[in-house]
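A short write-up of the structure that comes next.
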Amino acid sequence: MAVEAASSTVFALSLAAISALTLLLLRHYLPIRSTPAYLLLPIFLALALPCSIILLVPIDLATNSVEDEDGVARGISLPDGFMTAMWRIAYWLTFVLTWYDKFHEFCASFMPNDFPGSFCPFSVITSILVIARLELAFSIQSAPTCNTN
Amino acid sequence: MQYQLILFACAIAVFVYYVLTNGFHASSIKGTAIALAYAWGLILAIYLMGHGLVVIPRRLYQSASLSARLRRLQTHAPRVHDKMQDSIDEHDTLEVQVMELQRRKTGTALDFKDWIEELTDMSALPESRAARAPIARVADSGVPHVITERYLADLTRKLKRAQHKRIRFLEEWDSLVREAQDLQTTLDAASSKKLDFGRSTDSSLASKITILTPYTRYHLHANILPAIRLIWSFIFALASACIIWSEIFKRAVPAISVVGLSIVHHPRATERGKIGFAGQLMAGAWLCYMCAAALISIREVKVWGNRALVRRHTYAESACWYATQVAKLTVPLSYNFITFLPKDIYEETAFHRFLGKLINFTSLGSAFSSFFPIFILVPVFASAFNLYGRIKRVFGFGFLDDDSDDNPSGFATGGWREGRALIERERFGASALGLSDQRPPHNHNTAETFAPYADSPPRSDQASPQSTPRRNGSPSRPDATVPTSSRTGPTPSRGESPHAAGDEEEGDSNFFQEFAHRVKNTFDTTDKPDFKINFTKPKWLNIGDGGDGPSDARPGPLDRLFKGKGGGGLRL
């Protein structure tokens, strides 16, 4: 129990550190105030999510490397259902963001000028949030059964 | 737009074909999409990672020697300087067009008055620069008689890109010059063993606290940091070898996968996990290194050369593109990484249950995932033996900007000597303008002048107007790519004219001293020309030879041509 609490705390702190470092990186390369939000948010997610994947892989390995069903994992481990949910969210958001720059170019080619508040990137942001919400809901719903796609 | 539409239409066509042949099953479509995305990502990731695994240790090894680093910088300097010049010229050309648009008061220009005013604000052309722009360039500025929306849209996009490109290459040039200066200062401090970079004009608190004395600073930069780089280069070389070994043998003989052995510390444990905290840290480190190797290669591939990361002024499209590449490469690399471990461990992970089952659903997918990574040997050998450079020499173009030993002698690119001359000129040009900290001046108007160092507010004592002759004298700036035999002659003299405006404030004696030193330096670094002119006198010149003075025992041919004595006249 204490180990689970400690693992969750470490995981949460690591995510916060990843977010902070990503923001610093963005600040280093981009003029934050003049970059529109519909670009900042996808860029932030496209950097933060891969970092969280690099964090998830070792936790996943430690969590599921126990041979016995009643065994206790070493190191930082998280519940299996939570791991599955995190993987689903991280993977699908990353999948959508992989195509974001193509989508951005596609929208830009239809617009004569740069477009503050255009519906195209706004719809992408909306779809990202909808996907995240759906994945979270689906994962919570399937948590008792676990281990399925 | 047509390209995007064609691409979209092809995607729709493939999707329709797939649905017609296989039926509309959401899970199979999802599985196919995931498998295809993984395959494409893995091809890219393995190729880029293979290149990066060689580049990282090699770069660290080469940068361990200060003089080699300086030489590399000097070799690259002409190319960077040319690019900077081109970007400035391109930006100026577009600004001339904007100026011309602003001047037009009749016809279609009136319809787009607001847009033209926005363009003018974006380019932020001050009156002084507008007055200095050559009139001849306005005449052929390329502005059409009838202005259309499409033309203005193109101009807006081009102007934005040109601004970012200009800032990018200005920053690249300035950071190259600064690094070269620091290296030169460090090398010059070898005798005195006291190092001071001279950047002490900051008034912030951090600069007032001196952590290092000049003596310790010298040893840090001259000895300790190079040694650290050398040690890390060996460590990374070993890590690269382990990753390549694991990629090749993970399927055939999993037990000898070095990466797997370094992570699984308790292989025989049953009641507790086989991987502990130390194993997790190792796994994180391996994965970070693999991702870093892949991402470092992205910055070197020339195909994507238009996109660059610039401090504080990265173009939004470039930033978006780089971020998506990070996202694209991480998932395939992560899955590829967990396959280094024994099968009974990685098949139990949530990652494998989520992704791996879909990838390995078909035997083709499973075989691809297992055997394709052996292909990593191709980029590794290509990078290790500089095959990209050879391809470039054979075919005349290259697609990877592997600058490790591409053209080490600097043949036909101006060479390191020209680079050194350019850097020296930049140094003494900055000091002649009174910029004591040898950094470019800083201005809020980022569209107008180069201002990447935005950590502190601009200081009133910095002479920003003095920068404008330096940066904006592009029509009169000398072209760096001049032929070898004549490059040093006209270059210093032409290079003086943009700086003349700032001389009066400095004091004549100091300027002339700097100028003389610079000219002397330039001539000292000149190569003697390779061609040999045979100055033997032809027989017809021997007529009237005795008329010359006693001091001219053997007058040269030029003397005879221009003295006009006896038979020494110029014959046409």
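If one computes the Cα centroid of region A:39-89 and of region B:307-333, what distance in Å separates the two points? Comparing the Cα centres of region A:39-89 and region B:307-333, I get a distance of 24 Å. Can you give the FRET efficiency to the nearest 0.05 for A:Ala12 and A:Thr35, using r as the Cβ-Cβ distance and R₀ = 41 Å? Taking R0 as 41 Å, the efficiency between A:Ala12 and A:Thr35 is 0.90.
A 1.4 Å probe, protein heavy atoms only, puts the accessible area of B:Cys288 near 70 Å². The length gained by stretching the chain between B:His145 and B:Asp114 to full extension, at 0.36 nm per residue less their Cα-Cα distance, is 9.3 nm.
A simple rule links phi to the HN-Hα coupling: the Karplus curve 6.51 cos²θ - 1.76 cosθ + 1.60 with θ = phi - 60°, which for region B:157-173 gives 5, 5, 5, 4, 5, 5, 5, 5, 5, 5, 5, 4, 6, 4, 5, 4, 5 Hz, with x for Gly and Pro. Note on B:Leu20/B:Phe371: beta-carbon distance plugged into 1/(1 + (r/R0)^6) with R0 of 45 Å gives a FRET efficiency of 0.90.
When nucleic acids and ligands are ignored and a 1.4 Å probe is applied, B:Arg353 ends up with an accessible area of around 40 Å². Accessible surface for region B:225-362, divided over its residues, is 41 Å² per residue with a 1.4 Å probe. Beyond 27 Å in Cα-Cα separation lie the following of the pairs A:Lys102/B:Lys160; B:Lys274/B:Lys328; B:Lys83/B:Lys194: B:Lys274/B:Lys328; B:Lys83/B:Lys194. Candidates B:Tyr61, B:Leu73, B:Ile88 compared by Cα position along the dipole of region B:50-92: farthest toward the positive end lies B:Tyr61, with charges placed on Cβ.
Per the accessible-area calculation with a 1.4 Å probe, the total area buried between chain A and chain B rounds to 5300 Å². Listed values for region B:219-226 are Karplus-derived 3J(HN,Hα) couplings in whole Hz (6.51 cos²θ - 1.76 cosθ + 1.60, θ = phi - 60°), namely 5, 4, 7, 8, 10, 6, 4, x, and x replaces Gly and Pro.
Note on region B:33-106: Kirkwood hydrodynamic radius from all Cα pairs is 17.2 Å, rounded to one decimal.
Taking A:Tyr91, B:Tyr18, B:Tyr61 and ordering them by how much accessible surface each has at a 1.4 Å probe, largest first, produces B:Tyr61, B:Tyr18, A:Tyr91.
The values are calculated or read from the model by the stated rules, or taken from the named source; none is laboratory data. In this text, all values refer to a predicted model and were calculated from it rather than measured experimentally. Cβ atoms come from the backbone with ideal geometry, glycine included; neighbour counts cover every protein chain shown. All accessible areas refer to the heavy atoms of the entire protein, side chains included, with ligands and DNA or RNA removed. Shrake-Rupley method; radii C 1.70, N 1.55, O 1.52, S 1.80 Å.
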